[in-house]
2 protein chains.
Amino acid sequence: MSHQDSTILCRLILMPSGRQGKVECGQTVLDAARQLGVGIESICGGRQTCGKCLIAHETGIFQKHGIESKNSHLTPPEAEEQAYAEEHGLDLSKYRLSCSARLKGDALIFVPESSLARKQVIRKEASDLQIAVNPAVRLMYITVEPAILEGTADWERVQRAVSNQWHASDIQLDPVLFPRLQSALRQGNWAITLTLWNNAEVIRIEPGYVERMAGFAVDVGSTTLAGHLVDLLTGQVLATRSMMNPQVRYGEDLMSRVSYGITEPEGLARMHRAVLKAVNDLAVEAAASVDLHQDDIVDVVLVGNTVMHHILLGIDPVELGGAPFALAVSDPVDIKARDLGLTSVSKGAYAHILPCIAGHVGADNAAVLLAEQPQLDDQITLVVDIGTNAEILLGNRTRMLSASSPTGPAFEGAQITHGQRATPGAIERFRIDTGQGQMHYKVVGDQRWSGEIDADQSLKPTGICGSGIIEVVGELFIHRLIDRSGRFVKDAESLHPAVRLQPNGRTYEVVIADSEQTSTGHDIVVTQNDIRQIQLAKGALYAGIRLLMERFGTDRVDRIKLAGAFGSYIDPTYAMVIGLIPDCDLINVTAVGNSAGDGARIALLNAESRKEAQEAARSVEYVETAIAPHFQEFFVAAMALPHAEDKFPHLAGILPPRNSPGDRRKDRSSRSRRTG
Amino acid sequence: MSHQDSTILCRLILMPSGRQGKVECGQTVLDAARQLGVGIESICGGRQTCGKCLIAHETGIFQKHGIESKNSHLTPPEAEEQAYAEEHGLDLSKYRLSCSARLKGDALIFVPESSLARKQVIRKEASDLQIAVNPAVRLMYITVEPAILEGTADWERVQRAVSNQWHASDIQLDPVLFPRLQSALRQGNWAITLTLWNNAEVIRIEPGYVERMAGFAVDVGSTTLAGHLVDLLTGQVLATRSMMNPQVRYGEDLMSRVSYGITEPEGLARMHRAVLKAVNDLAVEAAASVDLHQDDIVDVVLVGNTVMHHILLGIDPVELGGAPFALAVSDPVDIKARDLGLTSVSKGAYAHILPCIAGHVGADNAAVLLAEQPQLDDQITLVVDIGTNAEILLGNRTRMLSASSPTGPAFEGAQITHGQRATPGAIERFRIDTGQGQMHYKVVGDQRWSGEIDADQSLKPTGICGSGIIEVVGELFIHRLIDRSGRFVKDAESLHPAVRLQPNGRTYEVVIADSEQTSTGHDIVVTQNDIRQIQLAKGALYAGIRLLMERFGTDRVDRIKLAGAFGSYIDPTYAMVIGLIPDCDLINVTAVGNSAGDGARIALLNAESRKEAQEAARSVEYVETAIAPHFQEFFVAAMALPHAEDKFPHLAGILPPRNSPGDRRKDRSSRSRRTG
């Protein structure tokens, strides 16, 4: 840079952002753009080798902006830039490397999306949420003075190079990487690429110029772990892998794992090791599937419910098993992956664990806040994540509330006569055909309804899962076979051939599939008691929702988002019929899939979102249902079925969608599923 | 504190420091003294339980200071203080707890040494250097609000307690301690003692009130490891343990270890593990010897030469084996002890590794700077640490220089016909008795000279060590049996009965002990070639010293300090006779023993000394002898023996000190010894 030029100012306009301002002439377009707040990508540090900082120079008179942008207003390409252009077929009359082109006068510059340091990544089809790729880690290529006699040490020369070439000072090196620094400098012939975490600490050192970094976002569910391997330069998902949580062997549900940790001397350590091994295995598998070296995984984000969160950190979850349900820590935790036992990622990498909200509302819910952003909306959103406990978030930009309702495991098929998880063979849909008095069902793993197909060709049912039972209860109610109290009406057996007295001779049950249809050789039935279990579960959930609505001071919600696997399976209409969720325009009730996993990916891609998650988690007011004065009252009231006769008259007698096989939500089967 | 009082000022005088000033009335003496820069110890945080903050209130009229100090100028003791006084037999009319007594008027307060936060610890008898006990770790007792329903997490409440009770904010918790936090809070009934590192990070959590913390300072020598376990509250050494460096099996000297690391695929890792295991074992042994729990070792300081420094950090020392002798890092390193593999200390503890000065001048020399402080002196000090290489520090407060001279292993007895290390049986002293033509020697492990005792009772010699050979050469020279070139004079065999022709018939040797005296059954001799080896070694050392003196621009030094084991064994007179060190008034030539170990202990006791060491290490100018233009010239010149005839006439013909058995330096055998 010529020092004479340095006091002359010229006007720089950056499109498409429209940012503009006066900047010192003589500096590179890259530096000038950064001053105006437009971050242009660069890895090679201005050596005209990475090509990340490509810009287009627009020439002409721009009257709106009052400038003339001329060819001569940028310094002509020198040898390195010409070499790069030749090698990569770049037309230098249109495009320039912004690290090379220096301003000599006013200029209008177009910065393509691909050159922006913070690219926008569209999260998913159904959403308009865009995430800027701005991870907690960045790459920094430097050339270092060779070692000389009587000279300074390698690390001191690296610090000097970083300061001179990247204007970054006070960077630290993870001390376990000193051995690597020495060898990388020599392998790279005094050129290395550093990976910097939080602009403060060098966590990886590679010889020469490197343009690879990936991250791993894992949703640690009680039942399933799902991991996304993400390219941290482009934001793209490279691979997704899931597996069953190996802790399942120590207890199906959370509370049995808490008690395993208490009763077995080595219980906590075993569960900790098991889940970390699973995360390691997932990372190894995911990396191998795209030929990525594990050392290229330089950042990790973990989310999970509070019990998983604690076990991940090696904290005994016992306190979460009883009042006052105290978390050991709720703030986000940055911990060296190696300190967790995560050995399948880069040695210096950190794992970021999202914050918890309260004793029963975990980091997975903080991730849901990131993915769904109800806290940024004017409208009142209800987000429900149903598992053994249902976590409820309710509110808008003015106030967010959360609660956890003890729904019990009925929605997961437990404590139901023929209940089972939503695995292939489970009845997940159910209709009563009033015209012919027939029953129709659909099982997981088969797109067709039972009436549409020959019994021989169909996947035979083995039981009934949560969404199936909800539809059974809903249909029985719509067809007035049960009343608002959930009891079969008097002489119900005479109203429909599938209804019969139970062997006790006092209560009824309804046959969903008879022994000839099932793979078990027995009838699959839903009993009076099964209906009672569902009423208890939905009563608990609805009471929690009502409690939050009361606290918030609203008697309606604008949107309902059903998160998690169960939320993806249930039909919102039937959820409303049985009073699982409050009334809401059906178009505003959506299943948002693995929202926690999406949130984990967002936290991986964007460092600022981690602060957002922390602030959001802190600002959420937690309401403990166990001590809320109205909860029991709401619970008792919510046991009954709502006045659906008035609200869903169109449902009575509807037929199953014979002519439109398949599910309402076409993308469901391709979604990653999460279970509580 | 009454808010009305808070604007009234009173005068506080603190003895014996004499610090005084006006402070706000109403506050505790503890807080007021801190404002005046007098740190009073406190662990319990003002709960009147630890008694660390005891002060004496002096009453009367102090005309010199213009104040009257009255009983009524301190608030009377309340219930807690009275309870403490009763329990501990404290006379409250004289002594008060400064965390309890509040100022109501002018007061003169005596702060006993034991209540000062920074106690002075005398380093060693021979030195006036005092070190303030102000370690990098401190204890902090807090009481934390119990967990409640809908309350915040444990860690957030701990942060609040630290902020309220200690006015410290932004403290972090080592995330591996979250499991410990939860259990300690409950075990301690919501009272815990934190150990804080660098006023920033909690590295240990203990339930209840705890008043224990220790540190471990280790000098990792090539041959010997010496570890000091130190009480970090009092500064006292609790235990000292040493052991042979297990790396010796991979090579006696440094260069053979460097080459082991190169030639063996697992060589570096093996040496790293071996030395870390040794440090672990030392810490375990030292802690066990004083019944200290390993978890109470909360800080570690390590020093060593550059090769040991690198191997400790897992860095390949190969670069130190050849030009340009580049260090991977010279700045001090703070690394989690667990990341080094140091498992025998508290889980969250850091290890601080002192800075290196240059490729051949290591962290042990930085420690020597701390212990000897030549850089703070007006006088010119020469510090020499002799091993296979001799490290030389020369200078004063205006400028410090360092160099490493390739003395080779002759001073350690290698490459000498009957040479050996300074272990029991080695001849370490030697005199020629001109009167009777006899030879007298003294061996390591026996305080008596050979002439004083019956041969049967004596420890028979097995060989000769460095200090012995130096005295042999010196005596031969004083008695004119060899000339300035180091050659035996013509017809030397006729001048003394112990001198004889070697079997080659051309060169001479001198018999130091004959076959009847030795335990080997052979004569122990010093040959013409042995003398040549010593000349080469001392020439290299002296040339290095001359080089630094030339660079410094001086032809004299004011003091000479001989560091390390060899420096403790050699007699400064003979060192000067043969020209090992420059001329200096003998009274100013001292053996400073394991100065590196002392420096390590200083760095452990005083966090500020770590910065001093870094600044001192950075400011030292390193002179590479390999490229210094005058080094070869100086080396050749220094091969000759100096004109000792003129300088040490009193030495010719002196007798061994028959009547004063034992060594000149009485404390030598009790010193911890270090071998380069």
Matching residues in region A:236-269 - criterion: being under 19 Å from A:L302 (Cα atoms) and more than 24 Å from the chain's Cα centre (by Cα): A:L268, A:A269
Within region A:126-154, the count of residues that are farther than 30 Å from A:I587 by Cα, small (G, A, S) and either without any contact (Cβ under 8 Å) to a residue 24 or more places away in the chain or within 12 Å of chain B (Cβ to nearest Cβ) (or both) comes to 3
If we scan region A:14-35, do we find a residue that is under 30 Å from A:G208 (Cβ atoms), of a type in the set (S, T, Y) and either in a helix (DSSP H, G or I) or in the same structural domain as A:H167 (by TED's automatic domain parsing) (or both)? no
It is to be established whether one or more residues within region A:140-157 are crowded, with 23+ Cβ neighbours inside 10 Å, farther than 21 Å from B:D331 by Cα and either out of contact with any helix residue (DSSP H, G or I) (no Cβ under 8 Å at 6 or more places or on another chain) or not basic (K, R) (or both). yes
Taking region B:277-292 and keeping only residues that are more than 18 Å from the chain's Cα centre (by Cα), touching a residue at least 12 places away in the same chain (Cβ under 8 Å) and part of a helix (DSSP H, G or I), one is left with B:K277, B:A278, B:N280, B:D281, B:V284, B:E285, B:A287, B:S289
If you check every pair at least six apart or on different chains, which have Cβ atoms under 9 Å apart with a residue in region A:491-518 that is assigned to a strand (DSSP E or B) first and a residue that is modelled with pLDDT under 90 and among the basic types (K, R) second? A:A513/A:K460
Can we say B:L181 is in a strand (DSSP E or B) and of a type in the set (A, V, I, L, M, F, W, C)? no
Do the conditions hold for A:N504, that is, is it surrounded by fewer than 20 Cβ atoms within 10 Å (Cβ to Cβ), farther than 24 Å from A:M576 by Cα and not hydrophobic (A, V, I, L, M, F, W, C)? yes
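For (1) of a type in the set (D, E); (2) outside any loop (DSSP other than H, G, I, E, B); (3) more than 26 Å from the chain's Cα centre (by Cα), each residue gets a yes or a no:
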{"residue": "A:A132", "(1), (2), (3)": "no, yes, no"}
{"residue": "A:S163", "(1), (2), (3)": "no, yes, yes"}
{"residue": "A:N189", "(1), (2), (3)": "no, no, yes"}
{"residue": "A:Y209", "(1), (2), (3)": "no, no, yes"}
{"residue": "A:D219", "(1), (2), (3)": "yes, yes, no"}
Tally the residues that are surrounded by 24 or more Cβ atoms within 10 Å (Cβ to Cβ) and within 30 Å of B:Y209 (Cα to Cα), restricting the search to region B:290-339. 7
Say whether the condition of being more than 11 Å from every other protein chain (Cβ to nearest Cβ) and over 25 Å from B:M271 (Cβ atoms) is met by at least one residue in region B:339-348. yes
Taking region A:437-480, which residues are in a loop (DSSP other than H, G, I, E, B) and either of a type in the set (S, T, Y) or at pLDDT 90 or above (or both)? A:S458, A:P461, A:T462, A:C465
Mind checking whether some residue in region B:57-78 is farther than 17 Å from B:D31 by Cβ, in a helix (DSSP H, G or I) and in the same structural domain as B:R19 (by TED's automatic domain parsing)? yes
Mind telling me which of the residues B:T625, B:T590 ends up being within 14 Å of another protein chain (Cβ to nearest Cβ) and under 29 Å from B:L536 (Cα atoms)? B:T625
Among (1) facing chain A (nearest Cβ under 10 Å); (2) modelled with pLDDT under 95, where does B:I315 come up short? (2)
Taking the options A:A328, A:A351, name whichever one is facing chain B (nearest Cβ under 10 Å) and either in contact with a Cys (Cβ under 8 Å, 6 or more places away or on another chain) or in a loop (DSSP other than H, G, I, E, B) (or both). A:A328
Please go through region A:401-426 and pick out each residue that is within 18 Å of A:I570 (Cα to Cα), among the aliphatic types (A, V, I, L, M) and modelled with pLDDT of 85 or more. A:A410, A:I416, A:A426
Which is assigned to a loop (DSSP other than H, G, I, E, B) and within 30 Å of B:Q130 (Cα to Cα), of B:Q379, B:Q375? B:Q379
Which one is nearest to B:D174 (Cα to Cα), of the residues in region A:358-375 that are hydrophobic (A, V, I, L, M, F, W, C) and more than 10 Å from chain B (Cβ to nearest Cβ)? A:A363
Lone unmet requirement of (1) within 10 Å of chain A (Cβ to nearest Cβ); (2) in a helix (DSSP H, G or I); (3) over 21 Å from B:M243 (Cβ atoms) for B:D295: (1)
Could you list, in sequence order, all residues of region A:155-183 that are within 11 Å of chain B (Cβ to nearest Cβ) and touching a Ser or Thr at 6+ places or on another chain (Cβ under 9 Å)? A:W155, A:E156, A:Q159
If you check A:F430 against the conditions, is it more than 14 Å from chain B (Cβ to nearest Cβ), under 16 Å from A:G564 (Cα atoms) and touching a strand residue (DSSP E or B) at 6+ places or on another chain (Cβ under 7 Å)? no
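The values are calculated or read from the model by the stated rules, or taken from the named source; none is laboratory data. Here the structure is a predicted model, which means the values were calculated and not measured. All Cβ positions, even for glycine, are placed from backbone atoms using ideal geometry, and neighbour counts span all protein chains on display.
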